[in-house]
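Read the figures in this text as sums done on the coordinates, not as results from a lab. All values derive from a computational prediction rather than experimental measurement. Neighbour counts run over all protein chains shown; Cβ positions are idealised from the backbone, glycine included.
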Amino acid sequence: MASLNTKGLNFITIMVIIAILALVLRFAFERIIKITVSQNDVNAQATLRLISTALENYAKDNKGVFPDDLSVLIRNNPQYLDKDYIVKSPIRGYDYNCSRLEALGYSCSATPVKCRLTGNTLYTVTTGGLVVSEGCGGKE
């Protein structure tokens, strides 16, 4: 009868250890996701600033006229951007889009592919380099 109790205790001990490990792993994964989302947010904002700077520099070099397509910034000599971030989207959990890209100005945005999983913030940059941000608030 004593060996039966020992086997029962060993099983309970193993189950408790598994439960504790599962809990630790859950918190570790949550932390990894939060860090990744935070890094994606920072990268999205920096990428929009990069796009904005390239557009502003192009306009300075072209008598205040902005390009009507980001590909002009890549093909041009000097090259203003290293790649077309809109065509290459999504990048690090964000989709990039320029809803307004015309001779007089621009409006470009970075939107999380999946709110709170790939990013927490919607970013928009407009003519002059003003970046505005708002939480994605569960929108997908």
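Where does helix 2-61 land angle-wise versus the long Cα axis of the chain, in degrees 0 to 90, nearest 10?
Compared with the principal axis, the helix lies near 0 degrees.
Can you give the % of DSSP beta bridges in the chain that are antiparallel, to the nearest 5?
95 percent
Name the residue, out of Val37, Val16, Val65, whose mean-square fluctuation peaks in a Gaussian network model built on the chain with Cα pairs under 10 Å.
The residue that fluctuates most here is Val16.
Restricting to DSSP H runs of at least four residues, report the calculated mean residue ellipticity at 222 nm for the chain, -39500 (n - 2.57) per run over all residues, nearest 500 deg cm²/dmol.
Rounded to the nearest 500, the figure is -17000 deg cm²/dmol.
Taking the alpha-carbon centroid of each part, what is the distance from the range 56-90 to the range 97-124 in angstrom?
That distance is 16 Å.
Go ahead and set up a Gaussian network model of the chain, Cα springs under 10 Å, then flag whichever of Lys34, Lys88, Lys63 fluctuates most.
Most flexible of the set in this elastic network: Lys63.
Using the crude model of +1 on Lys and Arg Cβ and -1 on Asp and Glu Cβ, and no other charge, please compute the dipole size for the chain relative to its Cα centre, in debye to 20.
580 debye
For all pairs of alpha-carbon atoms in the range 1-137, what percent lies in each bin of width 5 Å, listed from the first bin to the last filled one?
Per 5 Å bin, starting at 0, the Cα pair percentages come out as 2, 10, 16, 16, 12, 9, 7, 5, 4, 4, 4, 3, 3, 2, 2, 1, 1, 0, 0.
Sort Thr53, Thr118 so the one with the fewest other Cβ atoms within 10 Å of its own Cβ comes first.
Arranged by neighbour count, lowest to highest, Thr53, Thr118 become Thr53, Thr118.
If each residue's Cβ is checked for other Cβ atoms within 10 Å, how do Lys60, Lys83 rank with the fewest at the top?
Listing Lys60, Lys83 from fewest to most nearby Cβ atoms yields Lys60, Lys83.
Obtain the nm distance between the two label points defined at Val16 and Arg31 by a simple spin-label model: each point lies 7 Å from its Cα along the Cα-to-C-beta direction.
2.4 nm
Could you line up Glu30, Glu56 from fewest to most neighbouring Cβ atoms inside 10 Å?
Fewest to most other Cβ atoms nearby, the residues stand as Glu30, Glu56.
Within 14 Å, Cβ to Cβ, of Gln39, how many net charges do the neighbouring residues add up to if Lys/Arg are +1 and Asp/Glu are -1?
Residues close to Gln39 contribute a combined charge of +2.
Report relative contact order for the chain in percent, whole number only (criteria: Cα-Cα under 8 Å, sequence separation at least 6).
Answer for the chain is 21 percent.
Using only the alpha carbon atoms of the range 1-81, find the Kirkwood hydrodynamic radius as the inverse mean reciprocal pair distance, in angstroms to one decimal.
Over the range 1-81, the inverse of the mean reciprocal pair distance is 17.7 Å.
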